[in-house]
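What follows draws every value from the coordinates through simple rules; no lab data is involved. Predicted, not measured: the structure shown is a model, and the values here were computed from it. We place every Cβ from the backbone using ideal geometry, glycine too, and count neighbours over all the protein chains shown.
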Amino acid sequence: SNGTEMNIRFVGGLLSAYYLSGKEVFRRKAIELGEKLLPAFKTPTGIPWALLNLKSGIGRNWPWASGGSSILAEYGTLHLEFMHLSKLSGNPAFAEKVMNIRKVLNRLDKPQGLYPNYLNPNSGQWGQHHVSVGGLGDSFYEYLLKAWLMSDKTDEEGKKLYYEALQAIETSLIRKSSGGLTYIAEWKGGLLEHKMGHLTCFAGGMIALGADGAPEDKTGHQMEQASEIARTCHESYARTTLKLGPEAFRFDGGVEAIATRQNEKYFILRPEVIETYMYMWRFTHDPKYREWGWEAVQALEKHCRVEGGYSGVRDVYASSPNHDDVQQSFYLAETLKYLYLLFSDDDHLPLEHWVFNTEAHPLPVIRKEMTDKPSQLE
Ligand code: DMJ
């Protein structure tokens, strides 16, 4: 199994189920599953393997990943769930594992302050110097910010690492097209690829969520950046026939926010653009975010609704949808949940009390003074 998907989907889901219901069975199962993941950390550096055989406890990495590397967005997307596992089990091992990952990262040189997507778990050295706020990188950055927020703002290291990483991203990856659209490019050994993934669109919401705590009076600037990214991602939907966004869109060769390669034109019910609308709505109450969300609802109903549920589509520029016949699990966990929250009142899962893991499973802020009693949560 993919250890990080086990964590964000199943451990995260069980933790949320526990905190929302108070039922002991969910706490127990979350811990049981967390314990099954611990053998993945048996590497010379403690950077976990990507893949784990849950029966044998034998780990390995993706055969395609640069020189046997582990992936930033995988080993970097365990922190929130593992902090809760230690709190609920009384077993410090979970927290130790994720704090060690930070320690390894802190010791490494970062090219231009950026975190490469690949890190070798044996040598503790970076693999290829590819940097992304989309696939392979994305939720690492998200979890730095959310680690700080979920700790009731006591995790000062998480805070510092997040704002420093965001600064490096702004300097090296964020660009504005000639048509005035702000986008986040991909970085390959110092060269920019002027492509933005649908996955990268979550960054609008992340930057908005972090803006309030930004250092040096950067709050306004970061909110502006977040709203510009939301606008760009909305354009990637608006410039298609089906009004659903492509997997990746480009800003080169005279195009802006459009997929140019056939294998980047698909839409698989991903949540990131709606996730950003939801955060932008919560922080600004600008009605355009609900309007944009409603456009997506209508397109989903029109082009993705099928007899057995909802399906992805192969080409968002086609005149009619060609279904891929898959309803990804994140459609229910994230896309529909964020739509629901976009049209709910702010006191429904308020952001001061809840942090959403990267699969949109809500986890409570661990209060400085709080004990383990879920009944204390409102
Ligand atoms: C989900 O598993 C999570 O949102 C993850 O962080 C990125 N990819 C999918 C949704 O697109």
Rounded to whole Å and sorted largest first, what semi-axes of the equivalent ellipsoid does the C-alpha gyration tensor of the stretch 220-378 yield via the square root of 5 times each eigenvalue? 31, 19, 13
What are the radius of gyration and Dmax of the stretch 1-154, computed over its Cα atoms and given in Å? 15.1, 47
Magnitude of the Cβ-charge dipole (Lys and Arg +1, Asp and Glu -1) of the stretch 200-283 about the Cα centre, nearest 20 debye, reported as 420 debye
Give the Kirkwood hydrodynamic radius (Å, one decimal) of the stretch 139-184, defined as one over the mean of 1/r across all pairs of different Cα atoms. 11.6 Å
Packing-based exposure ordering (other Cβ within 10 Å, fewest first) of TRP187, TRP354: TRP354, TRP187
So what does the Cα-only Debye profile of the stretch 201-301 read at q = 0.12, 0.15, 0.19, 0.25 Å⁻¹, as log10 I(q)/I(0), no solvent term? -0.40, -0.61, -0.90, -1.28
From DSSP H assignment alone, runs of 4+ in the chain each adding -39500 (n - 2.57), the sum over residues rounded to the nearest 500 puts [θ] at 222 nm at -12000 deg cm²/dmol
Going residue by residue through the stretch 18-25, the Karplus relation 6.51 cos²θ - 1.76 cosθ + 1.60 with θ = phi - 60° gives ³J(HN,Hα) values, rounded to whole Hz and with x marking Gly or Pro, of 5, 5, 7, 10, x, 7, 4, 4
Report the relative contact order of the chain, percent, no decimals, based on alpha-carbon pairs under 8 angstrom and at least 6 residues apart. 13 percent
Could you pull the Cα extents of the stretch 111-193 along its three principal axes, largest to smallest, in whole Å? 41, 36, 20
Got a sec? How would SER236, SER123, SER178 order by Cβ neighbour count within 10 Å, fewest to most? SER178, SER123, SER236
Proxy exposure order for PHE140, PHE249 (fewest C-beta within 10 Å first) is PHE140, PHE249
Other-chain or far-sequence residues with amide H under 5 Å of ALA259's (modelled H): ARG250
Hey, got the dipole for the stretch 74-233? About the Cα centre, +1 on K and R Cβ, -1 on D and E Cβ, debye to the nearest 20? 240 debye
Provide the per-residue ³J(HN,Hα) series for the stretch 246-255, in order, calculated from phi with Karplus coefficients 6.51, -1.76, 1.60 and θ = phi - 60°, each as a whole number of Hz, with x at glycine and proline positions. x, 5, 8, 9, 10, 10, 7, x, x, 9
Zone of VAL255's modelled label, taken as backbone nitrogen in the stretch 275-318 under 14 Å from a point 7 Å along Cα→Cβ: 315-318
Normalising by the residue count of the stretch 211-265, find the relative contact order in percent from Cα pairs under 8 Å and 6+ residues apart. 21 percent
Explain nothing, just the number: dipole magnitude of the chain about its Cα centre with +1 on each Lys and Arg Cβ and -1 on each Asp and Glu Cβ, in debye rounded to the nearest 20. 920 debye
Suppose R0 equals 30 Å. What FRET efficiency, 1/(1 + (r/R0)^6) with r the Cβ-Cβ distance, do THR171 and ARG28 give to the nearest 0.05? 0.05
Say the dipole of the stretch 48-128 comes from +1 at the beta carbon of Lys and Arg and -1 at that of Asp and Glu; which of THR77, ALA65, SER89 then lies farthest toward its positive end? SER89
Would any residue of the stretch 153-176 have its amide N under 15 Å from a label point 7 Å out along Cα→Cβ of GLU216? List them or say none. 160-172
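What's the extension gain from HIS353 to ARG60 if we count 0.36 nm per residue and subtract their Cα-Cα distance? Before the final figure, lay out the partial values.
Values: separation 293, 0.36 × 293 = 105.48 nm, distance 3.69 nm.
101.8 nm is the gain from fully extending HIS353 to ARG60.
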Greater than 21 Å apart at Cα, pairs in LYS160/LYS337; LYS265/LYS302; LYS36/LYS87; LYS176/LYS337: LYS160/LYS337; LYS176/LYS337
Taking the chain, the equivalent ellipsoid from its C-alpha gyration tensor has semi-axes in Å, biggest first, of 30, 25, 22
